[in-house]
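Peer 1: Take this structure, written in structure tokens, and hold onto it; I'll ask about it next.
The values are calculated or read from the model by the stated rules, or taken from the named source; none is laboratory data. Because the structure is predicted, anything quoted here is derived from the model rather than measured. Quick reminder, even Gly has a Cβ in these numbers, built from the backbone with ideal geometry, and neighbours come from all protein chains shown. These accessible areas exclude ligands, DNA and RNA; they are computed on the full protein's heavy atoms, side chains included. Shrake-Rupley method; radii C 1.70, N 1.55, O 1.52, S 1.80 Å.
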Amino acid sequence: MAADNDGEYCEYHEILYETPDKSGKWMQFYPVDEIDVKWERAKDLYRTGKLKGIYAIKRGIKCPRTSPTLQKYFQPLFFYCGPAYKEEEIMQYGKDLLKEMPYHMADTGHMYYKTNEQSETDTRCIGQETNYIYNIKTTPENFDPIPSTNTTDKFIDEINDEIKSKYNVGLNVGKWIQYYAWHDIDAAWENAKKLYRERELEGIVFMKVSTRLEGNKEGVICFYCGPADSKEEVERYGHNLIQKTKYSSRDGFMCYKYKFKDTPPSSPWLYRIETI
């Protein structure tokens with residue numbers, strides 16, 4: 001465990017750039033059952049240069065955070081940028097950060113920026129509402145939910161308007177389906193989103209992932225594409241999907257399902273191809 005201005009709260013760190021003087025960090029807090037997925041995403045974004053202005057990222061150990069609505073353990077992620085006195089730049093870095101790392105904590109409704117000097121002189125309770133110099137208001141739309149812990153929504157959607165417009169085939173669309181154990185679904189969904197956002201999933205119009213809401217034994221990710229009546233095209237998208245996601249199934253196949261309006265399909269699946 002590394003020690004710095006945040007003392008024992010610094011558990012892991014990634015530093016690729018020179019550290020500015022008099023800097024600070026944007027802070028995001030996550031439940032301990034979500035932190036691993038968020039940390040992996042943060043590292044990937046940082047290492048690929050997508051966190052503009054962020055010169056280092058760190059992950060803290062779990063700490064109790066209590067409020068009228070929350071009585072549970074959280075872990076912080078720190079996104080370092082500076083110098084802290086350049087408010088306009090720091091605020092822009094924070095806004096860019098939210099685009100890449102959607103975040104919202106219901107009890108505060110903000111993401112906070114704290115200076116390293118405050119960390120050196122203040123209490124050990126990280127993230128106090130008065131222990132910051134800048135903040136950005138967040139909304140539920142800024143939050144990127146985790147499939148395995150979500151019990152509010154039946155599905156979580158991932159839709160990019162530009163991609164949807166490019167591949168839109170109207171109602172003539174079906175879905176390739178991948179099944180995952182609950183302990184694997186979060187990482188698989190993060191990987192799928194990354195590939196989709198980077199335009200690596202040819203032909204995929206949009207995606208959905210199931211949640212814990214209905215108590216299913218496993219999770220599914222649906223990749224929508226078409227036209228459903230073009231077997232060659234749809235199967236090409238499917239083969240690319242398997243290659244990019246490195247998907248392997250128990251029975252050795254990935255199935256494509258299609259249902260036009262309320263007409264029941266003649267078969268449980270329209271096409272199927274071998275997986276890895």
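Peer 1: In nm, give the distance between the simple-model label positions of A181 and K52, each being 7 Å from the Cα along the Cα-to-Cβ direction.
Peer 2: 4.1
Peer 1: May I ask you to derive the FRET efficiency for E202 and N150 from their Cβ-Cβ distance with R0 = 35 Å, giving the value to the nearest 0.05? Intermediate values should be presented prior to the final figure.
Peer 2: Numbers: r = 28 Å, r/R0 = 0.81.
Calculated transfer efficiency: 0.80.
Peer 1: With +1 on each Lys and Arg Cβ and -1 on each Asp and Glu Cβ, how big is the dipole of region 154-217 about its Cα centre, in debye rounded to the nearest 20?
Peer 2: That gives region 154-217 a dipole magnitude of about 180 debye.
Peer 1: Given a cut-off of 31 Å, name the pairs among K58/K217; K50/K166; K166/K217; K95/K175 whose C-alpha atoms lie farther apart than that in the structure shown.
Peer 2: Beyond 31 Å between Cα atoms: K58/K217; K166/K217; K95/K175.
Peer 1: To the nearest 10 square angstrom, what accessible area does L201 show with a 1.4 Å probe?
Peer 2: Surface accessible to solvent at L201 totals approximately 10 Å².
Peer 1: From the protein chains alone at 1.4 Å, what is the descending order of accessible area for W269, W26, largest first? Each step should come with its number before you reach the end.
Peer 2: Details: W269 95, W26 0 Å².
Output order, biggest surface exposure first: W269, W26.
Peer 1: Taking the Cβ-Cβ separation of E232 and K99 as r and a Förster radius of 45 Å, what is the calculated FRET efficiency to the nearest 0.05?
Peer 2: Working: r = 37 Å, r/R0 = 0.82.
E(calc), rounded to 0.05, equals 0.75.
Peer 1: Jot down the per residue volume, in cubic angstrom and as a whole number, of the convex hull over the alpha-carbon atoms of region 85-204. Display every interim value, and only then the final one.
Peer 2: Numbers: hull volume 19.6 nm³, N = 120.
Taking only Cα atoms, region 85-204 has a hull volume of 164 Å³ per residue.
Peer 1: Collect residues whose amide H, placed 1.01 Å from N in the peptide plane, falls under 5 Å from the amide H of A228; neighbours closer than 5 in sequence don't count.
Peer 2: Counting only residues 5 or more places away or on other chains, the set is V173, G174.
Peer 1: Stokes-Einstein D for region 198-265 at 20 °C, 1.002 mPa s, Kirkwood Rh over Cα pairs, in µm²/s?
Peer 2: Stokes-Einstein gives a translational diffusion coefficient of 158 µm²/s.
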